[in-house]
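The values are calculated or read from the model by the stated rules, or taken from the named source; none is laboratory data. Values in this document were obtained by computation on a predicted structure and should not be read as measured data. Cβ placement follows ideal geometry from the backbone for every residue including glycine, while neighbour counts extend to all protein chains displayed.
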Amino acid sequence: MSGGVHAGVPDQIVTACFHFLPAVVWIILTFEYTQLYLRNRPSRVFLLISVMSVLMALHWAIHGVIELTPTELGRRLPHLHEALYVVIAAAQVAPAAIFRHLVPYMATREEPPTRAWLIVNYGSAAAVLVLAGLLFLVYGDDPPHTWQSPVLPVYSYTAIAIPLGIVEMGRLRRKGALPSFYDVQGVAFWTAMLAVPAILGILVAGGLGGILLAHVRPGRADPFDLSLLAHTTMGLVVASAFAVMILGEFLRSIVIGAAMIALAGLLFALPGFGVEIADPELRYLYVASVLLGIVIVLGPGLPWVQELLDRVVFRQSRRSREILEHFLQTLSPEVGVLECCRRALSELARVTQVDGAAVLLDREAPRTAAFGPLSLEPIQPVWPTGRAAERLPVHAFGFYALTDPSLREAMAAAKISLVVPIRSPRRAWGHLFLTERLLGRTTRGEHHIRALEAFADRLGLVLDSAELLSRALEVERSLAHAERLAAIGELSARIAHEIRNPATAARSLAQQLVREPTPFARELEVILAELERIERQVSALLRYARREEFRFAPVDLGQLLRATADDLHSRIEAAGVAVRIEGLEEGEGALTANADAEKIRQVLVNLIENALDALAGAPEPRSLTLRAARENGTAQLCVTDTGRGAPDEVIERLFEPFFSLKENGTGLGLSIARRVAEAHGGTLRARSPGARGMTFELALPLR
């Protein structure tokens, strides 16, 4: 399982260090992936990698402990090495089984293994360990034949299980089921970039150490044999493949860890530092444990090391949080919600050096703002909004925090590395999406994530201010518009009143002349029709201008809709329109509201007559659907026709005064109808569901 155990003190320390090197790397991976698991629960990917990293670190660390205790603490623990070799074997077989278990969870659409597969996978690993244990009990660690060696089944299982897992990853990649950050070429390149320098360093150190010891101590065995180098190299190469996924933060941790180890070594070099222990093996174990303790205790206490790394290597600053907060404090909400997002993204990309950033808003239109090459086209159609978005994590999260396959596929397609919710005390605004270079992946460090979350929270407050300011300006414009309309309405009422009297007199005279025989009968009929049209328009204008008085009383809206349809039955039948009434709830008070029955009846009459006018030139079949139902605590009265409909850009204008799609329409009927609906605390809306047809929805609060 490793190189030989050497009695010389320099040999055993150097050999132990070669074993501890991959152990330290795996410990760093354990720490980083555990943080990712805690942030991306309930995903099993980071959990399985964390468990595998713990076992791999244990595997190499125990080799170092064996090298530091060649005599088993002076034979005080005669079976220490036997027990440690059992743990080493388990820490080599179990990671291979976990790796095979891990692969299906890496896919965009998870393919969880069946219970039978799990039993076979972990059962075979347990069987290999039992076989290795039996061979060790029977033949010991130095059997007469190679096939009797206990390490043979251990290495054989590892040599089979790991390639099977790699083959499965290749199958998923060919299917397009692996996210883009598992790109084989990228992983291979950066694995080589990480592993080759470390391997060369080991070879150089081993060669120089062997030459030095051979010169100083002639005849001593060279401790830097090929098995030791191969064992250490294997640990670093395998670790590099997992370090690539968190390359930026891994490099930070490696450099900081090296700085801590160097500092601890300098402390031990000081005279009088430490405890004098006579037994050399206990002394070496003590030194190793104290070094580890110093690294753990002092590691968080040297932020200037990470600050220097961020500035020099990664071009980032730990002051990014303060810089971003200062920028958001100076960002004016007057520019609007979307422009605030655009400017904030630009500053975020400048400060944090991300490749791309984008915001997907929950309800606004347009909903997206982006900076850099990041495109939200794969994300926007599937990303949940409103209540559906409440199922997403409330903190920053990555790809594996999601369980919905469609969302995972969209994130993989857009190459999103981190998502940060944008929230304020008032509402959830949407999400901030980031894509980063390989040196920044995955999510950088915890302090960067906290800075991004603080940025998103502060941005939510800015968007609140922008929305409130926009509403205030809209109310101000509405009030000004209402004042202008009031003045126009008063003036129009006066003009209409002045026009109405002579028009009425002229209409009466025209009616008398039509009854008398005259050669101008046709012309008089045209004059009478035009005067009657003027009368209708003047009456509608006076009705719109005067203040309505309402008499509220309990009204069964379902019965009112049916009664209105019955009153207009003859006109509907004459127009050749098929009428259908739907959704009327039975029972006393089923759809009862406090309303002015006559005013609501006039609104329904206006809507039905408009529908009949729209159906007049429509192709067969012509149908009219009247619907009354309870929805979300309100009564919904809907009038739907199969007429020509209206384009989206003019639907909302239908309720503007004096706007009409009819040639002879006054453009006031729907304006009056909406005003009546709003006076009842309800709404009146129009929508065109397709190429044909129009639906008007009158919503009134139930009693």
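When residues of segment 631-652 are filtered for being exposed (fewer than 14 other Cβ atoms within 10 Å of the Cβ) and part of a helix (DSSP H, G or I), how many remain?
Residues meeting the conditions: 4.
Any residue in segment 136-147 that is part of a helix (DSSP H, G or I) and at pLDDT 80 or above? No, segment 136-147 contains no residue that is part of a helix (DSSP H, G or I) and at pLDDT 80 or above. Within segment 523-542, residues that are at pLDDT 70 or above sit with their Cβ atoms under 6 Å from residues that are of a type in the set (D, E, K, R), at 6+ positions apart or across chains, in these pairs: 531/507. Selection within segment 417-438: residues that are free of Cβ contacts under 8 Å to residues at least 40 places away in the same chain and closer than 21 Å to residue 378 by Cβ. The member of this set that is surrounded by the fewest Cβ atoms within 10 Å (Cβ to Cβ) is 421.
Report yes if some residue within segment 30-38 is touching a residue at least 40 places away in the same chain (Cβ under 8 Å), surrounded by 20 or more Cβ atoms within 10 Å (Cβ to Cβ) and in contact with a Lys or Arg (Cβ under 7 Å, 6 or more places away or on another chain); otherwise report no. It would help to see each step written out before you state the result.
As a first pass, look at segment 30-38 and keep what is touching a residue at least 40 places away in the same chain (Cβ under 8 Å): 31-33, 35-36.
Still in the running and surrounded by 20 or more Cβ atoms within 10 Å (Cβ to Cβ): 32-33, 36.
Going one step further and asking which of them are in contact with a Lys or Arg (Cβ under 7 Å, 6 or more places away or on another chain), we end up with none.
Looking through segment 30-38, none of the residues is touching a residue at least 40 places away in the same chain (Cβ under 8 Å), surrounded by 20 or more Cβ atoms within 10 Å (Cβ to Cβ) and in contact with a Lys or Arg (Cβ under 7 Å, 6 or more places away or on another chain).
Hey, could you check segment 112-131 for residues that are of a type outside the set (A, V, I, L, M, F, W, C) and free of Cβ contacts under 8 Å to residues at least 24 places away in the same chain and say which is nearest to residue 40 (Cα to Cα)? Out of the qualifying residues, it is 112.
In segment 599-607, the condition of being out of contact with any Gly (no Cβ under 6 Å at 6 or more places or on another chain), more than 21 Å from residue 575 (Cα to Cα) and of a type in the set (D, E, K, R) is met by at least one residue. Consider residue 628 carefully, then state whether it is surrounded by fewer than 20 Cβ atoms within 10 Å (Cβ to Cβ) and touching a helix residue (DSSP H, G or I) at 6+ places or on another chain (Cβ under 8 Å). Spelling it out, it is not the case that residue 628 is surrounded by fewer than 20 Cβ atoms within 10 Å (Cβ to Cβ) and touching a helix residue (DSSP H, G or I) at 6+ places or on another chain (Cβ under 8 Å). Got at least one residue in segment 109-117 being exposed (fewer than 14 other Cβ atoms within 10 Å of the Cβ) and aromatic (Phe, Trp, Tyr)? Yes, that holds for at least one residue. In the set (1) under 29 Å from residue 178 (Cα atoms); (2) in contact (Cβ under 8 Å) with a residue 24 or more places away in the chain, the condition left unmet by residue 380 is number (2). Here residue 75 meets the list (1) touching a residue at least 24 places away in the same chain (Cβ under 8 Å); (2) on the phi > 0 side of the Ramachandran plot almost entirely, failing just condition (1). Residues in segment 331-365 that are among the β-branched types (Val, Ile, Thr) and in contact with a Gly (Cβ under 8 Å, 6 or more places away or on another chain): 354, 359.
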